[in-house]
Structure formats: C-alpha cells, structure tokens
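Heads up: the structure comes next, in structure tokens.
The values are calculated or read from the model by the stated rules, or taken from the named source; none is laboratory data. In this text the structure is predicted, and so the values were computed from the model without any measurement. So basically every Cβ, Gly included, is an ideal-geometry build from the backbone, and we count neighbours across all protein chains shown. For accessibility, only protein heavy atoms count, side chains too; no ligands or nucleic acids. Shrake-Rupley method; radii C 1.70, N 1.55, O 1.52, S 1.80 Å.
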Amino acid sequence: MAWATLIGSAIGFAISPITLIELILVLVSKRRVVNSIVLTVGIVVLSFVGVAIGAGGANAAGDTSSGPSTTTSVVFVVLAVLLLAFAAKNWQNRADASEMAVFSKIGDMGPKAVLVLAPGATLLNPKNLIILLSAGQTIGSTASGAGVILPAVVFVLVATSPFWASTLYALLGGADAQHRLDALRVWLMAKNRLIMAVVLGVLGLVLLAKGVGGIVGG
C-alpha cells in the first residue's frame, strides 16, 4: 500500500480552506450543534463514497496483485494534470480574499440546508473529488475486495480529521473555542487560494510521477 501517497492526498483534502470555512460558519450558526453534526457526518460518508468509487475503478482497470495497471497509471496522469490546472488557477488568484455569497447565508440555515453543503464539499467539488478518486485509485491498485476497506477508512478518518475534530472542539470548548475557530476562518479566507495552489501543486506532481512511472515501468 502506497501510504505516503495516501497520507499526502488526505492532507490535501483535510486542509481544503473553503470546506473548513463552511464548517466554522456552521459551528457558529444558530443551530450549531445539530448543524455541525449533520455536516460532519455528511462529509465523512460522502468522502468514503468518493474513495470507494476510485477504488472500484482501479479494480476494474486491471490486476491489483502486480501493482498499478497501465490504465490506472494513465488515470493518475489525467488526475495529476487536472490538479495542476487547479493549482495554476488558484496561484493566479492567490491575492483574492473575497468571500463567497453562500457564507453569509450559513448562519441561518437549518439541518436540511446544511446537509446540502456536504456534497458541495466532496463529490461536487472538482478539486476534492479528484483527491478522493486518486486516493481510491491508489488503494484499488494494490488491494481488492475487503482489502480496500481498512485503508479507505484510515484515509477518510485522516482526510476528515479537521472537520470532526473541530466539531468536537467547538461543542466542548466553549466560548474560547468559538473565538479561535472564528480567527482561523478569517485567516483561511485570506490565504484560501494560496493554500490550495501549493497543496494541489504538490499532489499533482506526486500523482504525475506515480502515473508516468507506472506507464514507463509497464
């Protein structure tokens, strides 16, 4: 199992600024307890779904016993190119600290509306979807059947750790926790695009090397 690649991808997902900003706003919303639990559970479940889809695609692409197939390696290259494209776009806009319109509405949302944010933070977010699929591809290229469950669970727990950890911290930490989380939100907003440019660029280069190495070695 390529744990180094998986951990890198998990970190890339974990520090997704927009998703963290949304969660922090939920944590200071009018119905913060139920809203934060609903959003966090939604993110965890849908993240696992994304990884499972990627793993299933890798299993269907070729023999997992001898490492990544040529098809899987090509997929790695395609995902890497997409990540690098997103990285370049974020780098060009790195000075933009504007706030998304949805942020001003989160404070008044109920649980059903907040739940809609979960797909937008995972499967409907192109950058995060690519990260989840690439992690699944990595897992599926070296394991099959029940063997993908443990690494998938570990990946998802690491990738979503800032979300469930922040939820626990906010619900148990009182006013000081709310103050610190709000300060984090302000910083993430200011550095959002720069953070994503660096993270996606590194992940893209890692996947590109893995994919090209698989194609050449195959």
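Worth a mention:
- Taking a ≥ b ≥ c as the square roots of the Cα gyration tensor eigenvalues, the range 40-158 comes out oblate, since a/c reaches at least 1.5 and a/b does not exceed b/c.
- Largest-first ordering by accessible area, 1.4 Å probe, given options 40, 142: 142, 40
- Residue 191-residue 212 pseudo-label distance in nm [points 7 Å out on the Cα-to-Cβ vector]: 3.0 nm
- Taking every protein chain into account, the accessible area of the chain amounts to 45 square angstrom per residue (probe 1.4 Å).
- Helix screen, the chain: DSSP H segments with Cα axial length of 18 Å or more and mean Kyte-Doolittle hydropathy at least 0.5 are 32-61, 70-92, 126-140, 161-217.
- Carbon plus sulfur fraction of accessible area for the chain, probe 1.4 Å, in percent: 71 percent
- In the chain, the C-alpha radius of gyration followed by the widest Cα-Cα span (Dmax) gives 17.8, 56 angstrom.
- Largest first, the residues 164, 187 sort by 1.4 Å accessible area into 187, 164.
- Residue of 103, 13, 76 that the Gaussian network model of the chain assigns the largest fluctuation, springs spanning Cα pairs under 10 Å: 103
- Förster-model FRET efficiency, 35 Å R0, residue 150 and residue 100, C-beta, rounded to 0.05: 0.45
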